[in-house]
Amino acid sequence: MPPRREVKTCDRCRLLKVRCDRASPCQHCSRSNAECSLHPALAAYDEASPDSGDTSTVPSTVSQLTDQSKASTPSGKHALDNPASQELTKKRRHRACLSCVRCHRLKVKCDKKQPCTRCRLSGWGKHCTYTHRVEDEATTSATSECGSPFVVTDEEPEAVVTTWHSKHRGLSHWKALLSRLNTLAGIENTIFLTASKDVTQRHNECATGRALPGNFPFNSPGAVKYMSLEKVRELVESHHARHHEYIDSYLELYQCIHPIIDTSQFLTQVVRFWEDPTSTNVSWLAEFLMVLALGCFSVRREPEPTVELCMAAEACLSKTPFMLRPNISTMRTLCLVVMAKQVVNGTCWSFDSCWSLLGVIVRLAVCLGIHRPQPPPDSLPVVFRDWESGQVLWTAILYFNIQMAMTTGMPSCLSSEEMLRDYGTLSWSFATLDTPASAWHAVIHTSCPTILRVISRVNSDVDKPSYEEILEYSARVRELKSVLDRVQGHNTTLRIALDVFFRRVTLVLHRRHALEPDAPSRYPVSYWSSLECSLALLVHHRDLCDKDRQVEGLDLMGDLYMLDFFAAALTASTHLLRKDAPLAVGFAIWPRRTILDTLEACTEIWAEKEHRSLCFHSGYRLLKVVVGVLSRMYNVQSDS
């Protein structure tokens, strides 16, 4: 066994792992006024022999040194009381704590507002304090549903924030509407705060209310059992008897408003599939399963068989190299997934996930080249055929992009400058408008550059449009909307979808000025445009959910615009509560009683779907409170 190395440093320097000069006492111990093991008092103990019998001082001396060493280390229990630890802490910088007390305690990022966003959204806005001086801000602006700033105060209700949007986008639009309702009608904040607590406690209930997984179509647990193509074919075979009914329902309800698939080519491939299921390409099989899923849900209204078909479609999609080499079938499948997440789930969380999925779809479409306004030069016939088939599909992607940007308040996945450069010279020469697909393609494809510019300007924090620019944009949007008169020969579903699209854009454009207290006199165009579009959206909501509708399953189309209709109802309520608004017989806008009847009818529609998900439940609860206040006000005015 090798001899033990002789220790020449003092105990304290060895414990602190610093260089010892081996003086008696050493420099570090002398500087901190600590006992040094190299001190002559301890040297006397070292010189003492065990045979001398003088061991009375050993335990006390060693104990003192041990206690002194423990006290001198920064990790000791009494480190703050020891002069040595004070010497070490002097070298630390004294940083100013810029976060609020609550964010600093929770160790989360603070935006340093007064109050900060985290405290304000969690109900602690009045108790948000700082240890340093903060400039008192009279108002706190937040990003609205489409990026426009609204004044937000501590007294504003928080319920709809937690209910409809769990992230920063879209918060202050709902809060501004509810705050305006609170100011005009005197609604007590306790109603909304109680709803906020209820929603917070039932957050897991909303997660369980989703039929499709949140990450669908990526890595869903239910798709594992369909990794074998034999299992997929068995599932499709089980729906063989009703597959015509499912396909017809899909084509009648969804294809006219979202022309994602090529109908003639799709039906031909369906015939080939039943002739020889084993020879079918797995990419097209995923597309076929998504069509069956949407058609099955519109016919049966049962989530279980729909979810099984969707899980099989995800399993087939995972077998394709769609991230590396996408094709038209995989692009169509992903677009059908976006629509299924909105229809089958029907929750605001599903709309949020669709925005994330659209980012992937847009990039894959650019990789495939279907975004080009002109065919690729000197391209092979197969490439040209993909580009030609993808033109209408690209229009659907553009529509989804704008719709998600307006609904969630998140940035557009496409650059408006890029769109204006590539599509700014489009004309109506290519649009024949002889079929619903061509009409859809013509209207959306031509209006997208202008709409994208509107959305990006409204969402911008540094380049917000002035009121004069808003009037110019509004005139341009109305000019584009007038093209709907050319599609009168097509079905009602297409006209409603296109009208909702333009009404929603107009509502987003004018919202910031329309909610001002003096809007009727200062911003009359924005005020009346906002009211007109809100009422038009409510009428569409009522028509889509009419029990005597001609098209079966048309109420499912209303789920695609659930947040649009909810915003329209709150916006119309704010206008109806204004006593100075000239809403009476003889004006172009309907009288108050007619508007209130429309709001009550739409609230009853929400009541029918109250138990479908937590989002429908919370939306119905809020609308019921608002309409109740309006009804009481109307009755009081009638009695007077």
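The values are calculated or read from the model by the stated rules, or taken from the named source; none is laboratory data. All figures in this text were calculated on a predicted structure; none of them were measured in a lab. Here Cβ is always computed from backbone atoms with ideal geometry, including for glycine, and neighbour counts include all displayed protein chains.
Say whether the condition of being at pLDDT below 75, part of a loop (DSSP other than H, G, I, E, B) and not acidic (Asp, Glu) is met by at least one residue in segment 589-608. Let's see the steps before the verdict.
Filtering segment 589-608 down to residues at pLDDT below 75 leaves 589-590.
In the following step, the residues that additionally are part of a loop (DSSP other than H, G, I, E, B) were identified as 589-590.
Next, only the ones that are not acidic (Asp, Glu) stay: 589-590.
Yes.
Take the residues of segment 312-323 that are in contact with a Pro (Cβ under 9 Å, 6 or more places away or on another chain) and in a helix (DSSP H, G or I): which is surrounded by the most Cβ atoms within 10 Å (Cβ to Cβ)?
Kept after step one, since they are in contact with a Pro (Cβ under 9 Å, 6 or more places away or on another chain), are these residues of segment 312-323: 313-314, 317-318, 320.
Right, trim to in a helix (DSSP H, G or I) and you get 313-314, 317-318.
Values: ALA313: 28, GLU314: 26, LEU317: 24, SER318: 17.
Ranking the candidates gives ALA313 first.
Which one of LEU309, LEU336, LEU267, LEU294 is free of Cβ contacts under 8 Å to residues at least 40 places away in the same chain, within 15 Å of TYR250 (Cβ to Cβ) and in the same structural domain as SER220 (by TED's automatic domain parsing)? Outline the logic, then answer.
On the way: LEU309 fails: free of Cβ contacts under 8 Å to residues at least 40 places away in the same chain; LEU336 fails: free of Cβ contacts under 8 Å to residues at least 40 places away in the same chain; LEU294 fails: free of Cβ contacts under 8 Å to residues at least 40 places away in the same chain.
Step by step, each of LEU309, LEU336, LEU267, LEU294 is checked, and only LEU267 is free of Cβ contacts under 8 Å to residues at least 40 places away in the same chain, within 15 Å of TYR250 (Cβ to Cβ) and in the same structural domain as SER220 (by TED's automatic domain parsing).
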